[in-house]
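The values are calculated or read from the model by the stated rules, or taken from the named source; none is laboratory data. Just so it is clear, the model here is predicted, and its values are computed rather than measured. So basically every Cβ, Gly included, is an ideal-geometry build from the backbone, and we count neighbours across all protein chains shown.
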Amino acid sequence: MRITVTDVIGHPDVVQELLFSERLDDPGEDVRLSGLVEGTLVLTGTEDSVCLTGSVRTVADLVCGACLEWFQHPLEVELREEFYRPAPGEQEVAPPERELSAGDFLAPLEPGDVIDVTEVVRQNVLLALPLAPRCRADCRGLCPRCGADRNRVRCSCAEDDIDPRLAPLGDLLAVRGPFGDPGRT
């Protein structure tokens, strides 16, 4: 959805409400957006910019980072973006080092005072996805030895085995004791 905002920018008293309902492309192989992304967005004019605010919701199908099973994760995403009209001839060249101002965080409008609302929503949905998704808080994950899903079966692998690379640390704790004092256990 591409919106022309010529009638909004520079007019602080103008407000437009948009109903957003689109299917977005799947962002990756471990993430699928199973339904529509829907919500209400509001365009508000200011003296020299346009604010896009609102919220959208959808359901993401994610792969659990512990057990590798697919699960559904509802998302409710709040949006707040501000766009400005670039001056004629303004180039996208990195300015010399200086302290940033609030205006440095505004996004430029596309030529013709256009905002690609779908792209803004897509970026905000991606940022709302969890970094390490879990199907549930108590997911036990996969056994590192045999690969069994610990949520479904109980494997016979010993849980107290120490990685041989970390064994010297265990020896250090045995000599120093758990509180760092020699001989105190």
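If you go through segment 1-40 and pick out every residue that is without any contact (Cβ under 8 Å) to a residue 60 or more places away in the chain, hydrophobic (A, V, I, L, M, F, W, C) and over 22 Å from Phe83 (Cα atoms), you end up with 1.
Evaluating Ser156 against the criteria (1) out of contact with any Lys or Arg (no Cβ under 9 Å at 6 or more places or on another chain); (2) of a type in the set (S, T, N, Q); (3) under 16 Å from Glu69 (Cα atoms) leaves one unmet condition, (3).
Residue count for segment 105-151 satisfying the condition of being aliphatic (A, V, I, L, M), free of Cβ contacts under 8 Å to residues at least 60 places away in the same chain and assigned to a loop (DSSP other than H, G, I, E, B): 4.
Only residues that are part of a loop (DSSP other than H, G, I, E, B), under 30 Å from Leu129 (Cα atoms) and modelled with pLDDT of 80 or more: list them for segment 1-30, please. Met1, Arg23, Leu24, Asp25, Glu29, Asp30, listed by residue number.
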